[in-house]
């Protein structure tokens, strides 16, 4: 049965259709908004996986270039196998709000695939993919406890905009992606241009209210054509085994959860785990695996109880206390800018590199070809958490953390006219115990200032956590890794001392209220300001000059008619200067010339050369030129490369001249003065004027 529903969202029609395409999937939905169309399918294996303690869910998102009537620019002329950064980030937007909403005990391999079939280049398909994923799962027999919906929120001229277009986002101070259920917000991510906590909070709940019709239409469609859900039995509890594990572990678990050092705490837990498993295997053979899972649950429960009931964190800090911070700049001798940022047991070595326009990243997407003058790359090597694993390039997590840090810092970068460098930040995580992405933001801000980048304000970030036990609610600042795993919320907030620049929130429970989120934002603001004060001790403002090893940029503006004089036939002149001076020279169609030189002396020399090649004749100025051609009425004199002027026979001497050759010969050098330049660019020169002035 084909079912099609339409609703008005943000002044445009959102259409949800099912039953016409991909009918062999467990569930499918075709979402249309404007001329953007996304198909999302949800498929589950018929048999459950055995011996897994996680949800085997994979999410894929594919942008097809035919959707905008283009052929991919890759060598193979097809979409490359590895997802683009945009596709990877959209996968994360879909996965994060869905994952907590599957029935407990569900272990079937499940795959959600979103495919962009048409794109109008104004309505971003990522929001449609979130809605489509929820709808496909809701209509399927997969035990999904949704629905959810997604919207984008912009902010212009004091007004919130629902699902702003690409053009509107260019002027918006906010780009928030919000996912939620009927009763709560479950995910937020986005970049913000120094908005206040109140503006951000109101924007989030504006989005949550606006998504309600999308949720209602999914419920309506489920009632009409939804398949009966699979019967999933929650895993049975072995109460006797739970009791026995607690008896064996009780005396040692208290020491584990009160040990502040991460590695020492891990070692103690490993010893306890071995002890429990060995003893349980002796008593009940084959129960070791189950005992291990029970032990993890016991650890989580005891840690949460200690925080909520005893008001004591793992490392003894107060709920709003930030771990000790040390930071330094110029940590590496030859890089353009660097910092070492350490907060507790999380440490990031961050570098900033300055380059020319040739170093911009070329990005091919549904919106066409674009160039990125700012890049931030986040690396999380296995040694930073004491592990051994294959290194196969950045993971989805690495790309997501890098994108969050990019949004955080991008808001304070200078205009390209003021600072025309390409900028790349690389964050190498040296050790991690909680929020290495926020360490990247802090270290990145310091590295930029160390490189002499005139950022508008320093940026810092802090990760917040939440533990909710009945009516008891605890908000934690600067969470540890274990507090992240055992908690109910991961809320990262970045910004300056004036406002928020980016945030990311994931909820592991049904949701949080506006009051709880307001408290978290307020507490995050206090933590962020404290971190900024610590950063200020290392470097309070950008350095006034870029470092010695960084390229120097010189900018000139020339007449567009003179561009050919710099380029030369077949690029001969510009290539010659590039080879002679060892520089990069970029010339655009507006006549803007940018010189990227290894040092100031070389840059000045190249600038002088270009000025000499493109200099315009100036009225009243005296030049030494060469006679190029003699005619009956005067002589043509080259006063600048490629620029000739006429000395009329009447302007040769302060007496009557019968023949030009009586005064000048071709090839002879002569000093002349510019009398005038007419609208057509013709130049009148005079030798007589200098004679009258006594030269």
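The values are calculated or read from the model by the stated rules, or taken from the named source; none is laboratory data. Computed from a predicted model, the values in this text were never measured in an experiment. Note that we place each Cβ from the backbone using ideal geometry, even for glycine, and neighbour counts take in every protein chain shown.
Looking at (1) within 25 Å of residue 193 (Cβ to Cβ); (2) in contact with a strand residue (DSSP E or B) (Cβ under 9 Å, 6 or more places away or on another chain), can you tell me which one residue 474 breaks?
Going through the list (1) within 25 Å of residue 193 (Cβ to Cβ); (2) in contact with a strand residue (DSSP E or B) (Cβ under 9 Å, 6 or more places away or on another chain), residue 474 breaks only (1).
Taking residue 417 as meeting all but one of (1) crowded, with 18+ Cβ neighbours inside 10 Å; (2) at pLDDT below 95; (3) part of a loop (DSSP other than H, G, I, E, B), write down the number of the exception.
(1)
For segment 301-344, which positions are within 17 Å of residue 532 (Cα to Cα) and not in a strand (DSSP E or B)?
320, 321, 322, 323, 324, 344, listed by residue number.
So residue 657 passes all but one of these: (1) in a strand (DSSP E or B); (2) in contact with a helix residue (DSSP H, G or I) (Cβ under 7 Å, 6 or more places away or on another chain); (3) without any contact (Cβ under 8 Å) to a residue 12 or more places away in the chain. Which condition number does it fail?
With respect to (1) in a strand (DSSP E or B); (2) in contact with a helix residue (DSSP H, G or I) (Cβ under 7 Å, 6 or more places away or on another chain); (3) without any contact (Cβ under 8 Å) to a residue 12 or more places away in the chain, residue 657 is out only on (1).
Quickly run through segment 12-35 and pick out the residues that are outside any strand (DSSP E or B) and either more than 26 Å from residue 159 (Cβ to Cβ) or out of contact with any strand residue (DSSP E or B) (no Cβ under 8 Å at 6 or more places or on another chain) (or both).
Correct list: 19, 20, 21, 22, 23, 24, 25, 26.
Is it the case, given these coordinates, that residue 145 is touching a helix residue (DSSP H, G or I) at 6+ places or on another chain (Cβ under 7 Å), closer than 27 Å to residue 199 by Cβ, surrounded by fewer than 24 Cβ atoms within 10 Å (Cβ to Cβ) and in the same structural domain as residue 218 (by TED's automatic domain parsing)?
Here the answer is no, as residue 145 does not meet what is asked.
Which condition does residue 652 not pass, out of (1) surrounded by fewer than 17 Cβ atoms within 10 Å (Cβ to Cβ); (2) more than 60 Å from the chain's Cα centre (by Cα); (3) without any contact (Cβ under 8 Å) to a residue 40 or more places away in the chain, if it passes all the others?
(1)
Among the residues of segment 203-226, write down those that are surrounded by 14 or more Cβ atoms within 10 Å (Cβ to Cβ) and under 22 Å from residue 500 (Cβ atoms).
Passing the criteria: 203, 204, 205, 206, 207, 208, 210, 211.
Mind telling me which of the residues 438, 430, 505 ends up being part of a helix (DSSP H, G or I) and in contact (Cβ under 8 Å) with a residue 12 or more places away in the chain?
That would be 438, the only listed residue that is part of a helix (DSSP H, G or I) and in contact (Cβ under 8 Å) with a residue 12 or more places away in the chain.
Kindly indicate which of 531, 566 is crowded, with 17+ Cβ neighbours inside 10 Å and in contact (Cβ under 8 Å) with a residue 60 or more places away in the chain.
One residue alone meets the criteria, 531.
Residue under question is residue 266, and the condition is that it be under 44 Å from the mean Cα position of the chain (by Cα), modelled with pLDDT under 90 and closer than 13 Å to residue 299 by Cα; does it hold?
For residue 266, the condition - under 44 Å from the mean Cα position of the chain (by Cα), modelled with pLDDT under 90 and closer than 13 Å to residue 299 by Cα - is not met.
Quick check: anything in segment 544-566 part of a strand (DSSP E or B), more than 29 Å from the chain's Cα centre (by Cα) and not assigned by TED's automatic domain parsing to the domain that holds residue 337?
yes
Are there any helices (runs of 4 or more DSSP H) wholly within segment 188-282 with 1 or more residues that are under 28 Å from residue 7 (Cα atoms) and in contact (Cβ under 8 Å) with a residue 12 or more places away in the chain, and if so which?
Per the criteria, 197-210, 212-225.
Tell me, which residue of segment 364-392 that is at pLDDT 90 or above and assigned to a strand (DSSP E or B) is farthest from residue 417 (Cα to Cα)?
379
Taking the condition of being under 12 Å from residue 637 (Cβ atoms) and surrounded by fewer than 18 Cβ atoms within 10 Å (Cβ to Cβ), how many residues in segment 668-689 meet it?
Looking only at that region, the number is 3.
Does segment 40-57 hold any residues that are in contact with a helix residue (DSSP H, G or I) (Cβ under 7 Å, 6 or more places away or on another chain) and modelled with pLDDT of 95 or more, and which are they?
40, 41, 42, 57
Assess whether residue 672 counts as being more than 29 Å from residue 420 (Cα to Cα), part of a strand (DSSP E or B) and at pLDDT 90 or above.
Considered against the rule, which asks whether it is more than 29 Å from residue 420 (Cα to Cα), part of a strand (DSSP E or B) and at pLDDT 90 or above, residue 672 comes out as yes.
Being within 25 Å of residue 687 (Cβ to Cβ) and in a strand (DSSP E or B) is the filter here; which residues of segment 577-634 pass it?
622, 623, 624, 625, 626, 627, 628, 629, 630, 631, 634
What about residue 399, is it touching a residue at least 24 places away in the same chain (Cβ under 8 Å) and in a helix (DSSP H, G or I)?
Judged against the criteria, residue 399 is a match.
Among the numbered criteria (1) assigned by TED's automatic domain parsing to the domain that holds residue 462; (2) touching a strand residue (DSSP E or B) at 6+ places or on another chain (Cβ under 7 Å), which one does residue 334 miss?
Every listed condition holds for residue 334 apart from (2).
Among the residues in segment 342-349, are any surrounded by fewer than 20 Cβ atoms within 10 Å (Cβ to Cβ), in contact with a helix residue (DSSP H, G or I) (Cβ under 7 Å, 6 or more places away or on another chain) and more than 16 Å from residue 437 (Cα to Cα)?
No, every residue in segment 342-349 fails to be surrounded by fewer than 20 Cβ atoms within 10 Å (Cβ to Cβ), in contact with a helix residue (DSSP H, G or I) (Cβ under 7 Å, 6 or more places away or on another chain) and more than 16 Å from residue 437 (Cα to Cα).
State yes or no: is residue 500 closer than 19 Å to residue 205 by Cα and either in the same structural domain as residue 195 (by TED's automatic domain parsing) or surrounded by 24 or more Cβ atoms within 10 Å (Cβ to Cβ) (or both)?
So residue 500 fits the description; yes.
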